[in-house]
Amino acid sequence: MIGAGSMGSGIAALLANAGIKVLLLDRPSAEGEDRNALSRRGVELQVERKGFLRPEFAERVTPGNIDDDAAGLGEVDWIIEAVFEEMGITTGIDLERLLDCVRMAESLIGRPLPGHILRAHPRSRLAKPPDLSEIVHFRQLQ
C-alpha cells in the first residue's frame with residue numbers, strides 16, 4: 001500500500017483484517033528521527049478508529065517509507081496507491097518511475113521478479129503503456 005493517510009491506512013486495515021500482510025509506505029517523515037512516522041501514524045489512526053477487527057491485526061501491517069523500503073515492493077503480489085493528486089501537494093512518490101526500475105531489473109535478469117509486481121514486458125517511455133491491471137489507484141479529492 002502506497003499512501004498511509006486515512007484511505008491508505010484504512011485499506012491496509014481491511015486487508016489485515018482478511019489475514020493479509022501489508023507493507024504500508026508513505027514518504028519519509030521530515031520531522032524527528034523516525035522516517036516511518038507517517039506510516040506508523042496511519043496504523044495508529046486505524047487502531048484508534050477501530051479499523052482493525054482485533055488490535056493484534058495491526059501487527060500484520062509493516063510501516064515503512066518509499067525511500068528506504070521501496071525494495072519491499074518486489075516481494076508483494078499487489079500494489080495499491082492512495083495518494084493525493086492534482087492539488088499541488090507533492091508526495092515524493094513517483095510510482096511510474098519505481099515501476100520502470102522494476103521493469104528494467106526484470107529485463108536484466110530475464111525473468112519476472114518474485115512477487116510479480118507487473119506482468120508486463122519492459123518498455124520505453126515512448127512505447128504503448130502496458131496493462132497495469134495489477135495496480136489499483138485511488139484519487140483522494142477534497
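Do we find a residue being over 13 Å from the mean Cα position of the chain (by Cα) and of a type in the set (Ser, Thr, Tyr) anywhere in segment 33-49? Checked against the condition, which is being over 13 Å from the mean Cα position of the chain (by Cα) and of a type in the set (Ser, Thr, Tyr), segment 33-49 yields no hits at all. Taking (1) without any contact (Cβ under 8 Å) to a residue 12 or more places away in the chain; (2) over 25 Å from ASP100 (Cα atoms); (3) in a helix (DSSP H, G or I) in turn, ASP34 satisfies each apart from (3). Restricting attention to segment 53-91 and to residues that are modelled with pLDDT of 95 or more and closer than 13 Å to VAL22 by Cα, the residue that is surrounded by the fewest Cβ atoms within 10 Å (Cβ to Cβ) turns out to be GLU59.
Which count do you get for residues in segment 26-36 that are among the hydrophobic types (A, V, I, L, M, F, W, C) and crowded, with 19+ Cβ neighbours inside 10 Å? The total comes to 0.
A single member of VAL47, VAL43 is among the β-branched types (Val, Ile, Thr) and surrounded by 24 or more Cβ atoms within 10 Å (Cβ to Cβ), and it is VAL43. A single entry from VAL47, VAL43 fulfils the requirement of being part of a helix (DSSP H, G or I), modelled with pLDDT of 95 or more and within 29 Å of ARG97 (Cβ to Cβ): VAL43.
The set of residues from segment 1-25 being within 22 Å of LYS50 (Cβ to Cβ), surrounded by 19 or more Cβ atoms within 10 Å (Cβ to Cβ) and touching a residue at least 60 places away in the same chain (Cβ under 8 Å) comprises MET1, GLY3, GLY8, ILE11.
The values are calculated or read from the model by the stated rules, or taken from the named source; none is laboratory data. Given the structure is predicted, the values throughout are model-derived calculations rather than measurements. Glycine gets a Cβ as well: all are built from the backbone with ideal geometry, and neighbour counts include every protein chain shown.
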